[in-house]
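The values are calculated or read from the model by the stated rules, or taken from the named source; none is laboratory data. The structure presented is a predicted model; accordingly, all values stated were derived computationally and were not measured. Here the Cβ positions follow ideal geometry from the backbone for every residue, glycine too, while neighbour counts run over all protein chains shown. Only protein heavy atoms, including side chains, enter the accessible area calculation; ligands, DNA and RNA are left aside. Shrake-Rupley method; radii C 1.70, N 1.55, O 1.52, S 1.80 Å.
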Amino acid sequence: MNVAGSIRSRPAPLSDGKRRGYADGIGGGIASSSIDVDMYTDVPSFELSLDEFEEYALARLKVLRKIEEMKTRNLTPEMFRTQLDASIKANLTVTTANNSNPWESKQSSNSNTNMAEASKKLDVASHFILRAAYCRTEDLRRWFLTQECHLFRHRLESVAQTQTGSITDGGGGKKNNDALRNFLANNDFDLECVSRSEKEKLRDKLLSVPSGVNPMDFHNTEYYRVPFVQALELVAKRECYILGGYAYVPLSRIVSIVAAKFRATLSKSLALAAGVFGQVAHDEQARIGPLLKSMNSQYTGPGAPNAVLGADGQEVLTAATVDALAAQSMPLCMKQLHKGLQRDHKLKHMARLQYGLFLKGAGMSLEEHTLFFHKEFTRIMTSDQFNKEYSYSIRHMHGKEGKRGSYTPYNCMKIILGNPPNSGVEHHGCPYKHYDDANLSALLGQLKIGNASEREAIMAHKRDGNFQLACAKHFEVMHPAAASLEGVNLDGVGNHPNAWFSASVSYHNAKSRNGASMDVVKVEGAV
Ligand code: SF4
């Protein structure tokens, strides 16, 4: 898919009309900028598949939602920076160094330059896709604008702080200093550099600005003169010197001016895009229209489509590996669904939804999902019958049919509060909630989950009606010392089957990295 091609031919819906950057791939705009920040004034024109289109957008959505969540939690600036950097690294950076990075396995053989370009492509494309998706209503525009401005400011501050801190440290700072200056020049910032003689003349005034430049750094600090109306944030905080209607601003404080311009430009572009969204969505009805319309309601929390990776960085869940992974890493509800499918060679509607969405959320592709179900179902029916009666619903689940909606995996609460299964016929539901004590106890013993006292601890939670605690205890028993292993994220275990699965796979990855011998069948008996 051509991001620009599908949208750009309309009257400037996504940009301010300039064409300076991303034509012919990502070369121009990306190579020319050595810093990781962009005004997004140039519409990109590289090709994207429909899958990439959705993946890129969801990756950015995760970062923007993380920003929103952090802003409501009153984090310290340092914690905000650290967590946002981690989110950017996990979702918007192509790297070979991070096994949890969803883009890593696709790019592992590339050079650093290629990976930087791939990251830039991801960043730019995802911004423009979400810009198109979030331009529709006032509320969506305001939300997108707010989060994008935080992200932009964070990136620019990172550059400015590195530059400021390193002036006294030597070489690295000069490089970033140049990068920031080039960025300003490339983006038409009309800032007039104050001459050395004028700066020296105003030395006392400039140094008198509270929390301003360190006197030791004054000689090496560039000051810019800007109309004071462009520096209102600094004026309000008394963080610049004003003379003759101009604000005198050190390079490190240019951030708030640039951020204000970014906000104004993006706000204007969103308003322009809103004016033509209906036409674009209508013209692209068969391809990206439904995706754009549903983007703001796409789920990105635990269990969102996010491939679970093995120790080698490859996606683990395929038709060929699902049996072993069901034994090793699935929570009890999914083990029972898997066992039911193997026994009956079909699943009823509720079970197909619960298990199918779980598999999709854990990263099983549409093709592998179809292959896996086809293999089981065609033991009791013809391939034609499977194709007629079941393959459509699998494609639907993956958003390839009907409304092309985003169907998210069920969390524990939804499963526990849902309709109970008909015993012996249906396999959906949560065993901790829907099995009686005798059946559950027998199942735990059959699966060799822990020793007798550990199983009794699980059963005690079940008898008290604490089904999710019982499930979390199951995890704890089968994954000793998981919290101490690097790369194992226990968030959501006991709240979401996909979080349970993901934590279990990363636990076994960590153990295998540490040299422990793994035997997936021995770990938890046969399903
Ligand atoms: Fe599955 Fe959640 Fe029940 Fe555990 S508590 S078995 S993950 S539904």
task: Can you give me the number of residues within segment 448-483 that are over 30 Å from the mean Cα position of the chain (by Cα), of a type in the set (A, V, I, L, M) and farther than 23 Å from Asn411 by Cα?
output: 2
statement: Counting only residues in segment 407-417 that are open to solvent by 80 Å² or more (accessible area, probe 1.4 Å) and of a type outside the set (D, E, K, R), the one farthest from the ligand (Cβ to nearest atom) is identified as Leu417
- prompt: What number of residues in segment 480-494 are more than 21 Å from Gly356 (Cβ to Cβ) and within 14 Å of the ligand (Cβ to nearest atom)?
  reply: 4
statement: The one condition Lys348 fails out of (1) among the charged types (D, E, K, R); (2) modelled with pLDDT under 90; (3) away from the ligand (no atom under 16 Å from the Cβ) is (2)
field: Test: residue in segment 373-388 that is in contact (Cβ under 8 Å) with a residue 12 or more places away in the chain, in contact with a helix residue (DSSP H, G or I) (Cβ under 9 Å, 6 or more places away or on another chain) and within 21 Å of Lys433 (Cα to Cα)
entry: no
- request: Hand me the list of helices (runs of 4 or more DSSP H) wholly inside segment 61-152 holding 3 or more residues that are at pLDDT below 85.
  value: 104-107, 112-133
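Take Gly399 and decide whether it is of a type in the set (Gly, Ala, Ser) and more than 16 Å from the ligand (Cβ to nearest atom).
Answer is yes for this residue.
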- prompt: Among the residues of segment 3-10, is any surrounded by fewer than 18 Cβ atoms within 10 Å (Cβ to Cβ), under 24 Å from Arg263 (Cα atoms) and at pLDDT below 80?
  reply: yes
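Provide a single number: the residues in segment 418-434 that are open to solvent by 60 Å² or more (accessible area, probe 1.4 Å) and near the ligand (Cβ under 10 Å from one of its atoms).
1
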query: In segment 451-479, what count of residues is obtained for those that are outside any helix (DSSP H, G or I) and within 15 Å of the ligand (Cβ to nearest atom)?
result: 4
query: Within segment 320-334, can one find any residue that is surrounded by fewer than 16 Cβ atoms within 10 Å (Cβ to Cβ), in a loop (DSSP other than H, G, I, E, B) and of a type outside the set (Ser, Thr, Tyr)?
result: yes
- prompt: Pro497 versus (1) free of Cβ contacts under 8 Å to residues at least 60 places away in the same chain; (2) buried (at least 17 other Cβ atoms within 10 Å of the Cβ); (3) within 11 Å of the ligand (Cβ to nearest atom): which is the lone unmet condition?
  reply: (1)
query: Of the residues that make up segment 439-449, is at least one closer than 21 Å to Phe358 by Cβ, open to solvent by 50 Å² or more (accessible area, probe 1.4 Å) and either away from the ligand (no atom under 11 Å from the Cβ) or touching a residue at least 24 places away in the same chain (Cβ under 8 Å) (or both)?
result: no
